Every structure is written in C-alpha cells, then in structure tokens.
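J.: Structure below; questions to follow.
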Amino acid sequence: MASKNQIMLGTVPIGGGAPVAVQTMTKTETANLSATMAQIHTVAEAGADIVRVAVPREQDAEALKTIVAQSPIPVIADIHFNHTLALKAISAGAHCVRLNPGNIGGPEKVAEVTALAELTGTPLRVGVNSGSLPKHLRQLEYDNPVEALVTAAIETVELMESLNFKNFKVSMKSTSVPNTIASNRLLAERIPYPLHLGVTEAGTKWSGSLKSAVGLGTLLADGIGDTIRISLSTFHAEEEVKVAWEILKALKLREKGPVLIACPTCGRLQFDMDTVVAEVEQRLEAYDDPVEVSVLGCAVNGIGEARHADFGITGAKDMGMIYSKGEPLKKVPTEQLVDELFKEIDRYYAAGKTVERDEQAAAEARAWLAENEDDTQMTPERIAALEAAAAENDAAAEEVLEEMLEPVGSVTLDEDVSPVAGRRFNRG
Ligand code: SF4
C-alpha cells in the first residue's frame, strides 16, 4: 500500500503518490568540499533526485552550509550517535536529517532535534537497522526478526507522534532481502508515513544490484516505497543511481533515457553481439529521450518480437538489417550496423521524431529478411510464445470447466477423468 502522507525534501515531494525518488550517498569525506561537490554533481547528472552526505564530525556539519548552497539537488545529512550534529545540520540548512532515534541518546535528545526541525520546517528520516535494535527487542529479534524490526519502527513512529512531529519518513534497514520485503509490507499497512527503501550493505555492483532489484523491486511492484537507495560497495555513487533507475524503469514506474532490449543469444548467433550490445548501450547514454532500441542476434524469428521498439538491428555473418517498429528500414554490412543505427536515430530526432523511410532500401531489407527468416525453427522466443499460449488455453479451459461444474453442486468427478491435464477439481 502506497504511503498516504507526503513530505517535501527541498523541492522534491516524497510519498503521497509522488514519483519514487532516487537517492544515493556520497562516498567522499564530507568536509572535503571539492571532492564532495564533484560527486554530488556526478550523481545529479546520473539522475539522483536527492543526495545524502555523512556528517560524523564538526567540520562535516560546518561544510554542509556550502554543500547545501551549491548542491543542484536536496541534501540529507546522515547523523548517528550525536544529536548536537543533528542540530547543527538543521541550522546549516540541510533539506533533511537522517537519524535513528535509538542511537541518538534518548527521547530528550530526539525532542531537541524535532523541536528545531519543526521550527525550521526540516523533515527527518527516522528508522531502525537490523544490526542495532533496542535491547528490549533482542529476544523478539531472535524469535522473529521481521516482527522485531517492525516493532522497533512503530516505536520510533510513536515517539515522533508523541513529540507532535509528523514531518518525517521511515526506513527499516536489513541485510536480508526476505526480511526487508516482509517487514516493509507489514509496516506499510500500519503507518501512513512515506517509506525509504534499501537493502543495507547489499554488496558489490553485481550481487548488490541483484539483491536490491529483488528486494526493492518486489516492494515497489506492490506499490510500497517512496524513495530508494541502492547500497553498493563502490566509490562511484553514480552506479547506485543507474541501478535505481533501471529498477524503476523495469517496473515502468518512471521513465528516464533510452530502453535497450537485447535477445539472450543462442547457437543461431552469427556475429559478435556482445560487443555490439555494449557499444549500443554506451552510445545510448548520450540520449535523454526514452527511445526503445532492440538488438536481435539473428533474423530467424523475423522481427515481430521487436514490433514495439522504436529502432532495432539484427545481423547475420556479413549483413545486418535496421528496422523500426517491426518494419525493415535498410540492410547494411554487419560492421556498419551500429553506426547506421545511430544515423537513423539521429535522423528521426532531426525530423521531429519521424521515421524517414527510403522505400528502395526498405524493399532490399525486406528481401534480405525473407531470405534469413525461418519460421520452422524452434527458437527460444517461439518456445516461450508456445508455452504462454498453452498456459492461456489451460486457464481458459479450467474456467469453462469450473463454470460447468458450479450449478451441479453435489456432482463429484473422479480426478482421473479431468479433461484439463494435470488439474485437480475442487469437489467442495
Ligand atoms: S534465435 Fe532468438 S535468442 Fe537466438 S540469436 Fe536469434 S534472436 Fe537471439
């Protein structure tokens, strides 16, 4: 369930139906202004909506004044253990302060922070980490870690409410993907506040991206989560931003830049598709528009699979073809495929997003396609399509059968006579 409440981090709305915001954290020493600002500009360019900086020392809180003034995107100050730093961060103009009330020195200290935050209109991010739950929840954590996380988060929310402070979002961090999913599902049902999602210490670029995609993707697909951060063990914070965007794009929650589709390849492949896909991906980074580009390893399937793609290429040993919306545009030597593809894309934009088709070239490409297409081959795509059609037929047959059985009521059927293979009837 999506959060009801909305808060504003500078100009960025969080929760209450706003687009899911992409967040990352700088990896620099915050007080190193040139390094921190350079990284903030890099992540903002990569598409971060919000950036968080660690504030473990006085000089970091001091540096915040300049960072907030110069940052192109809202800045969150990340504070642990020291409520004085939280007060300083608010005074420095941070757009939000992250703190875990459980480690900031008791409710009185939290009250001092919320009082100043209320005065300045600064939102807080409050939450809990699986690694540092309060002592009284240790046994529950052992017996039921999900319930322990949710209980700790609810206690934090109740503390905020008892202080008459409602300008906050909540996060529950766990290194476990199943616990992240289960706890956020429970919490989303119980509180109206926006949720920040992340799998803490997710890992390297490869494993961390996958863990985050599974954990956060599952929640986001349920409509849970208002801002996300992908935690990756890399100094390049922009990598976290790119992964976050891929997750949001895959779920069609937000659009940003081109969408690249590529077949998985198989034994029918006759050209170096690895290199081609990598080059296409890299060259697409220069485009902001959500143009969809498809790369098929061979034309055995025809190009119907890529009917929805704005542009695409497919190749054989020496020759390849460029197409648009499932229609051939021209055939070109394989080594020119990528260059010619981008010429077509640029022509499309120069013509105001109109595909300019040369009928002669298109006819040659169609002839090439007819030579290379083979609709008798069982390709991975055709097998998948057959399986999907079979599953659909199966479901439809079951539905018809259920309808037939309904008015009969007391009639029982032997499982073995089921006309729907592998299905068992509910005889109740
Ligand atoms: S049959 Fe499908 S998976 Fe195999 S190379 Fe051709 S398009 Fe790619």
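The values are calculated or read from the model by the stated rules, or taken from the named source; none is laboratory data. In this text, all values refer to a predicted model and were calculated from it rather than measured experimentally. Using ideal geometry, Cβ is built from the backbone for each residue, glycine included, and neighbour counts are taken over all protein chains shown. Note: accessible area is taken over every heavy atom of the protein model, side chains too, but ligands, DNA and RNA are not part of it. Shrake-Rupley method; radii C 1.70, N 1.55, O 1.52, S 1.80 Å.
J.: Along the Cα-to-Cβ line of ARG307, 7 Å from the Cα, sits a label point; which residues in the range 318-338 have backbone N less than 15 Å from it?
T.: The answer is 324-328, whose backbone nitrogens lie closer than 15 Å to the label point.
J.: Among DSSP bridges having both ends in the chain, what percentage is antiparallel? Round to the nearest 5.
T.: Numbers: 14 of 49 bridges.
For the chain, the DSSP antiparallel bridge percentage is about 30.
J.: Still on this structure: Kindly list the residues of the range 321-353 that lie in the label zone of LEU269, defined by a backbone N under 15 Å from the point 7 Å along the Cα-to-C-beta vector.
T.: In the range 321-353, the label zone of LEU269 (backbone N under 15 Å from the point 7 Å along Cα→Cβ) covers no residue.
J.: Still on this model: Set the Förster radius R0 to 41 Å, insert the Cβ-Cβ distance between ALA115 and GLU147 as r into 1/(1 + (r/R0)^6), and round the FRET efficiency to 0.05. Don't skip to the answer; put the middle values down first.
T.: Values: r = 32 Å, r/R0 = 0.77.
Computed FRET efficiency for ALA115 and GLU147: 0.80.
J.: Please identify the DSSP H helices in the chain that span no less than 24 Å along the helix axis (Cα) and have a mean Kyte-Doolittle hydropathy of 1.6 or more. Please report the intermediate quantities before stating the final value.
T.: Working: long enough: 145-162 (25 Å, 0.79); 380-405 (37 Å, 0.02).
Passing helices, by number: none.
J.: If you don't mind, there's one more thing I want to ask. Which one of HIS80, HIS136, HIS41 has the biggest mean-square fluctuation once the chain is modelled by GNM with Cα springs under 10 Å?
T.: HIS136
J.: Want the number for GLU327 to ILE154: 0.36 nm per residue separation, take away the alpha-carbon distance, what's left? Intermediate values should be presented prior to the final figure.
T.: Numbers: separation 173, 0.36 × 173 = 62.28 nm, distance 5.57 nm.
Contour length minus the Cα-Cα distance gives 56.7 nm.
J.: Using the Cα gyration tensor of the chain, with a ≥ b ≥ c the square roots of its eigenvalues, what is the shape: rounded (a/c below 1.5), prolate (a/b larger than b/c) or oblate (neither)?
T.: Working: a/c = 2.83, a/b = 1.40, b/c = 2.02.
Oblate.
J.: Another one. For the chain, with only Lys/Arg (+1) and Asp/Glu (-1) charged at the beta-carbon, what is the dipole magnitude about the Cα centre, in debye rounded to 20?
T.: On the way: 40 positive and 62 negative charges, 383 e Å.
So the magnitude is around 1840 debye.
J.: Before anything else, pin down the relative contact order of the range 247-301: Cα pairs under 8 Å, at least 6 apart, normalised by residue count, whole percent. Walk me through the numbers before you get to the answer.
T.: On the way: 57 pairs, mean separation 28.6, N = 55.
Reported as a whole number, the value is 52 percent.
J.: Sequence gap at least 6, Cα distance under 8 Å: using those rules, report the relative contact order of the chain to the nearest whole percent.
T.: Numbers: 767 pairs, mean separation 47.6, N = 428.
Rounded, it is 11 percent for the chain.
J.: Consider a paramagnetic label point 7 Å from the Cα of SER91 along Cα→Cβ; state which residues of the range 61-76 have an amide N under 11 Å from it.
T.: 62
J.: Still on this structure: Taking the Cα centre of the range 1-69 as origin, work out the dipole magnitude from +1 charges on Lys and Arg Cβ and -1 charges on Asp and Glu Cβ, in debye rounded to 20. Let's see the in-between values first.
T.: Values: 5 positive and 6 negative charges, 43 e Å.
Once rounded to the nearest 20, the dipole reads 200 debye.
J.: Could you compute the longest span of the chain free of chymotrypsin sites (Phe, Trp or Tyr not before Pro) located in DSSP loops and having at most 14 other Cβ atoms within 10 Å, not counting the site residues?
T.: Looking at the chain, 236-428 is the longest stretch - no exposed chymotrypsin sites (Phe, Trp or Tyr not before Pro) with at most 14 other Cβ atoms within 10 Å.
J.: Report the calculated FRET efficiency for GLU281 and ASN103 (r = Cβ-Cβ distance, R0 = 41 Å), to the nearest 0.05.
T.: Numbers: r = 42 Å, r/R0 = 1.02.
Efficiency, from the Cβ-Cβ distance: 0.45.
J.: Okay, moving on. Could you tell me the calculated FRET efficiency between GLN139 and VAL214, based on Cβ-Cβ distance and R0 = 22 angstrom, to the nearest 0.05? Could the numbers behind the result be given before it?
T.: Numbers: r = 29 Å, r/R0 = 1.33.
My answer for the efficiency is 0.15.
J.: If the chain between GLU359 and ASP222 were fully stretched, how many nm would it gain, using 0.36 nm times the residue separation less the Cα-Cα distance? Please list the in-between numbers first.
T.: Numbers: separation 137, 0.36 × 137 = 49.32 nm, distance 4.65 nm.
Result: 44.7 nm gained on full extension.
J.: So for the range 234-346, Kirkwood radius off the Cα pairs, Stokes-Einstein at 10 °C and 1.306 mPa s: how many µm² s⁻¹? Present the calculation step by step, with values, prior to reporting the outcome.
T.: Values: Rh = 14.6 Å.
Diffusion coefficient, whole number: 109 µm²/s.
J.: Let me ask something else about it. Between ASP288 and THR175, 0.36 nm times their residue separation minus their Cα-Cα distance comes to what? Intermediate values should be presented prior to the final figure.
T.: Numbers: separation 113, 0.36 × 113 = 40.68 nm, distance 3.37 nm.
Computed gain between ASP288 and THR175 is 37.3 nm.
J.: So, one more: Solvent-accessible area per residue for the chain at a 1.4 Å probe radius, Å²?
T.: Details: 20560 Å² over 428 residues.
With the other protein chains kept in place, the chain gives 48 Å² per residue.
J.: Quick check on the chain: helices-only [θ] at 222 nm, where DSSP H runs of length 4 and up contribute -39,500 (n - 2.57) each and the sum goes over total residues. Nearest 500, please.
T.: Details: 13 runs with 185 residues, N = 428.
Helix-only estimate at 222 nm: -14000 deg cm²/dmol.
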